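Undergrad: Before anything else, here's the structure in question.
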Amino acid sequence: MSESLEAQIKSHLSRLDHLIRRGQQVRDALAKDSSNPAAIVATRAWQEECGVAINQLSGGSKAHWLARSFSEAFLMRSATGNATEGAAPEEIVQRLLDVLTQGVAALSRKDGGPVMIASTDVPPRRFEFVHNAELRQVVEQAFTDSQQAMEQGEFDLAMRTSCGILESLITDALEHKGSTELAASGAPAGKIADWSFEERISVAEKVSLIRGGCARLPAVARAYRDNNANSQTIAVTERDARIAGQVLNLIMRDLNPGR
């Protein structure tokens, strides 16, 4: 096994372990009160992160056994074994925990198991929709860095990296759209590079490149360029960093509907 592959496996094992621990907390909260709004929000956020992790481990293939197990966790089975309506939230969480545990078991094998990312040093092609070819590799590495920072509790770095990727993706899409169409939408004068982060988001929404996912960004994320600059430091919480990462994934789906 190459050092690069071994490092990838360790990173994924760390991430799965973190998700399992959070999932156990989510499950316990639902067991106490499944109608608690805070528990429901936490559950949805956790499930979304699980989906991202499983997608990476399965190489983006919905036919992969791990991806199928993830999808089936949300289904309720009838007596005949056929899929019916959705299962109860607490049961879904436990099923997803079982899927994550399967992923850990597969990655823990000497050969990395049947998890697709363990069979190749080529990372999943998350950013094939980026028009600027030189930017693809940069944001791919940054995406990995943001996840590692999150796992290591470096929330400020994780948030700023996620926001930097988000701004780069939106800028790439705006540049590809063309100045004529942007101007017709009431875009600010001057080069896109001179626009603020907020302006780029606003214009991208007006020309329907993205939807309203960025509305969830906390204030500290919107001002990420200025944080730690000019002696202006705002504490970044785990929640801030997680929301920034979730928004990034939403915008990636907007810009690449087929993913």
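Undergrad: Return the total of residues in segment 160-195 being more than 21 Å from L135 (Cα to Cα) and either part of a loop (DSSP other than H, G, I, E, B) or outside the structural domain of D145 (by TED's automatic domain parsing) (or both).
TA: 6
Undergrad: Among the residues of segment 183-204, are any within 18 Å of L16 (Cα to Cα) and modelled with pLDDT under 90?
TA: Looking for residues that are within 18 Å of L16 (Cα to Cα) and modelled with pLDDT under 90, one finds none in segment 183-204, hence no.
Undergrad: Further, regarding this structure: Go through segment 185-200 and report how many residues are over 23 Å from A219 (Cβ atoms) and among the polar types (S, T, N, Q).
TA: Here the count works out to 1.
Undergrad: Also, quick follow-up: Condition test on I210, is it modelled with pLDDT of 90 or more and in contact with an Asp or Glu (Cβ under 6 Å, 6 or more places away or on another chain)?
TA: In short, yes.
Undergrad: While we're on this one: Does segment 224-237 include one or more residues that are part of a helix (DSSP H, G or I) and either assigned by TED's automatic domain parsing to the domain that holds A149 or basic (K, R) (or both)?
TA: no
Undergrad: Only residues that are farther than 21 Å from F129 by Cβ and part of a loop (DSSP other than H, G, I, E, B): list them for segment 196-212, please.
TA: S196
Undergrad: Being over 19 Å from T101 (Cα atoms), part of a helix (DSSP H, G or I) and touching a residue at least 12 places away in the same chain (Cβ under 8 Å) is true for just one of L30, L66. Which residue is that?
TA: Answer to the check: L30.
Undergrad: Restricting to segment 160-184, and then to whatever is out of contact with any helix residue (DSSP H, G or I) (no Cβ under 7 Å at 6 or more places or on another chain) and over 19 Å from V220 (Cα atoms), can you tell me which residue is surrounded by the most Cβ atoms within 10 Å (Cβ to Cβ)?
TA: Looking at residues that are out of contact with any helix residue (DSSP H, G or I) (no Cβ under 7 Å at 6 or more places or on another chain) and over 19 Å from V220 (Cα atoms), I get K177.
Undergrad: On to the next question. For L157, only one of the following conditions fails: (1) in contact with a helix residue (DSSP H, G or I) (Cβ under 8 Å, 6 or more places away or on another chain); (2) at pLDDT below 90. What is its number?
TA: Going through (1) in contact with a helix residue (DSSP H, G or I) (Cβ under 8 Å, 6 or more places away or on another chain); (2) at pLDDT below 90 one by one, L157 breaks only (2).
The values are calculated or read from the model by the stated rules, or taken from the named source; none is laboratory data. This is a predicted model, so every value here is computed, not measured. Don't worry about glycine lacking a Cβ; one is built from the backbone with ideal geometry, like all the others, and counts go over all protein chains shown.
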